[in-house]
Number of protein chains: 2
Amino acid sequence: MKKYLFGVDVGGTTVKLGLFNPEGEVLEKWEIVTRKEDAGNHIIPDIADSIKAKMADHAIATDEVIGVGIGVPGPVTSDGTVLLAANLGWGKRNISKELSDILKVNVMAGNDANVAALGEMWRGGGRGYKDMVAVTLGTGVGGGIIIGGKIVCGATGAGGEIGHIHLEDAETDTCGCGRKGCLEQYASATGVVRIANKKLAADSKASALRNEEVSAKAVWDAVKEGDELAIEVANVYGEYLGKGLAAVANVVNPEIFVIGGGVSRAGDILIEYMKPHFEKYVFPGAASCKFGLATLGNDAGIYGAAKLVLD
Amino acid sequence: MKKYLFGVDVGGTTVKLGLFNPEGEVLEKWEIVTRKEDAGNHIIPDIADSIKAKMADHAIATDEVIGVGIGVPGPVTSDGTVLLAANLGWGKRNISKELSDILKVNVMAGNDANVAALGEMWRGGGRGYKDMVAVTLGTGVGGGIIIGGKIVCGATGAGGEIGHIHLEDAETDTCGCGRKGCLEQYASATGVVRIANKKLAADSKASALRNEEVSAKAVWDAVKEGDELAIEVANVYGEYLGKGLAAVANVVNPEIFVIGGGVSRAGDILIEYMKPHFEKYVFPGAASCKFGLATLGNDAGIYGAAKLVLD
């Protein structure tokens, strides 16, 4: 009898789904719309219907399904209870039980950033490691802590919220979390743009960045071209990111940091500008960790969700 | 057949030992001298001799001993290899195997701060919790991270080195680790004295601290007496400690921080001066954690070492 896993990544606009074999190969992937109306009450039944249809397509019997893993944008405790997923209209709910009651298979749930970290460990940039921190540099800064191959959910589902480590007393703008001076305010896509715009306003030197709307991509492209002002921006960026990751390393001392998210498309150069600062701030006994890039992109969530069921 | 555990805490001056039952009650505790000469090669045989003698005293057979746990002042990896214990004269060595070869029982080893954290979780201030951070405010600042009831050793045995989280760019003094601006430079016993001496030099107001040699105890005693300058010192102290623990909470989101070490003898007042700062800097979703005081004092190490063998 063949065995299968489903991995589900619930986002605010679409739900991504994947059918996997236990070796972690994706056999098929697809998406459905996230129907958030009616307090998000359609989302779980829609996922169940989509999985049932896919099982019918492939003539997969219920007892061939090891389980369904599901990643959710909000805090999830280690028993799989979603505490809140405001983007979906959800308050506290036990979605593992809800989906399992419909499908009659084992269902495991986790926070989307943590689940994506697990995906990168299983089949992505963290392959072969058991103590890993995934860092997502996107609109915000997220993290996923993996210790001994398992996600650190935290007591209230806030494990890995490394984007909100306080780094800057002098900050006057407020972070999305309500605090001031969080790592996310500098190391996110909007963070690099803020740093660049401040440099452009404070310094009159010529820069390619003066000719276009500043974006994270534009900054890193200019760095690669040797643009002096962009390089100064990259150094400020690298100092904040390095300082934040050094704090993380002093707590959990991972084997590797796996860097993903939109900003990481800049590639290894981002690590080059961060690493000297990391080394300056980290405890010497934790300094030998590796840095790598995430490789699964937007699929990390479905991979990690599927892996949840195997653990 | 009765069952027994031994817990061993190796320090630079003495080795503490304890005989336990599996319920975690200490039946007897004693100490031997740490003989550091000859590259520390006597230490393990001395421990073995002492345990054998205690087994003979109590007529304990080898098969009644579940195992021996041992805490060591240095980094220890999750397989029990000591990477370095400079205070003992040790380089890299597998002390679990060395001691097990002599005693013919299971031996587990861990870093002393991490092992003490485990002890506090088992029988001390962290009883009933599984996700806990122990913070030791002594000559230095140490930490022990427990997730799901297990110690987070880290890839190179540096898990929980929270005393070396960088907090202060403006620091000019160098920390014991070689960096500048570490939590330990403010939150240790010497840290509180440094803060107090700076305040005393910069401010001419009357204070009980001007009449005696400043110590951590003197500062907290003066705070309890309402001494204005001492209260300012406590606020600076609390801000650094709160900021550091907030960073830790954003990474692992524990249920509780258990505060121990010499400085913590000040009692709950230390937590009172730290907590408002913690709450200001922590990610809101991780803010609900508890704070408690360690209760096992210098015995935390032997308790935790014994618990290592049960896990």
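Enter the mean number of other protein chain beta carbons within 10 Å of the beta carbon of each residue in A:253-260, as an integer.
Rounded to a whole number, the mean comes out at 3.
How far is A:ASP268 from itself in the other copies, in nm, if each label sits 7 Å out from Cα along the Cα-Cβ line, shortest first?
For A:ASP268, the inter-copy label distances come out at 5.7 nm.
Looking only at GluC sites (Glu not before Pro) in DSSP loops with at most 12 other Cβ atoms within 10 Å, what is the longest site-free stretch of chain B?
The longest such stretch corresponds to B:38-211.
Sorted from shortest, what are the nm distances separating the label point of B:THR174 from equivalent points in the other copies, each placed 7 Å from Cα along Cα to C-beta?
Distances between equivalent label points, in nm: 4.4.
Can you give me the C-alpha center-to-center distance between the range A:1-63 and the range A:126-193, rounded to a whole angstrom?
The range A:1-63 and the range A:126-193 have Cα centres separated by 28 Å.
Mean-square fluctuation check for chain B, GNM, Cα pairs under 10 Å: which of B:THR14, B:THR172, B:THR136 is largest?
Highest fluctuation of the listed residues: B:THR172.
Per residue of the protein assembly as shown, what 222 nm ellipticity follows from adding -39500 (n - 2.57) for every DSSP H run with n ≥ 4, rounded to the nearest 500?
Result for the protein assembly as shown, helices only: -11500 deg cm²/dmol.
Let me know the charge dipole size of the protein assembly as shown about its Cα centre in debye, to the nearest 20, where only the beta-carbon of Lys, Arg (+1) and Asp, Glu (-1) is charged.
About 480 debye.
Between A:SER215 and B:ASP169, what is the spin-label point distance in nm, taking each point 7 Å from the Cα along the Cα→C-beta axis?
Result: 2.9 nm between the two label points.
Net charge within 9 Å of A:ASN253 by Cβ-Cβ distance, Lys/Arg positive one each and Asp/Glu negative one each, not counting A:ASN253 itself?
That sum, taken over residues with Cβ under 9 Å, equals -3.
Taking R0 as 51 Å, what's the FRET efficiency between B:ALA61 and A:ALA287 from their Cβ-Cβ distance, rounded to 0.05?
Once rounded, the FRET efficiency stands at 0.65.
What is the mean number of Cβ atoms from other protein chains located within 10 Å of the Cβ atom of each residue in peptide A:163-175, rounded to a whole number?
Counting other chains' Cβ atoms within 10 Å and averaging over A:163-175 gives 4.
Would you work out which of B:VAL107, B:VAL152, A:VAL65 lies farthest towards the positive end of the dipole of the protein assembly as shown? Charges go on Cβ: Lys and Arg +1, Asp and Glu -1.
A:VAL65
Please give, to one decimal in nm, the separation of the simple spin-label points placed at B:ASN235 and B:ASP311, each 7 Å out from Cα toward the Cβ.
With each label placed 7 Å out from Cα toward Cβ, I get 4.0 nm.
Run the dipole for chain B about the Cα centre, Lys and Arg Cβ at +1, Asp and Glu Cβ at -1, nothing else charged, and hand back the magnitude in debye, nearest 20.
Charge dipole of chain B: 360 debye, to the nearest 20.
Hey, got the average number of other protein chain Cβ atoms within 10 angstrom for residues in B:176-188?
2
Mind scanning B:LYS16/B:LYS243; A:LYS180/B:LYS217; B:LYS29/B:LYS54; A:LYS2/A:LYS54 and naming the pairs with a C-alpha gap bigger than 22 Å?
Table pairs above 22 Å Cα-Cα are B:LYS16/B:LYS243; A:LYS180/B:LYS217.
In chain A, once you exclude exposed trypsin sites (Lys or Arg not before Pro) (DSSP loop, at most 11 other Cβ within 10 angstrom), what's the longest stretch remaining?
With trypsin sites (Lys or Arg not before Pro) excluded where exposed in loops, chain A gives A:206-311 as its longest stretch.
Throughout, read-outs are computed from the coordinates displayed, never taken from laboratory work. Treat the numbers as computed from the prediction; the structure is a model and nothing was measured. Please note: Cβ atoms are built from the backbone with ideal geometry, for glycine as well, and neighbour counts cover all protein chains shown.
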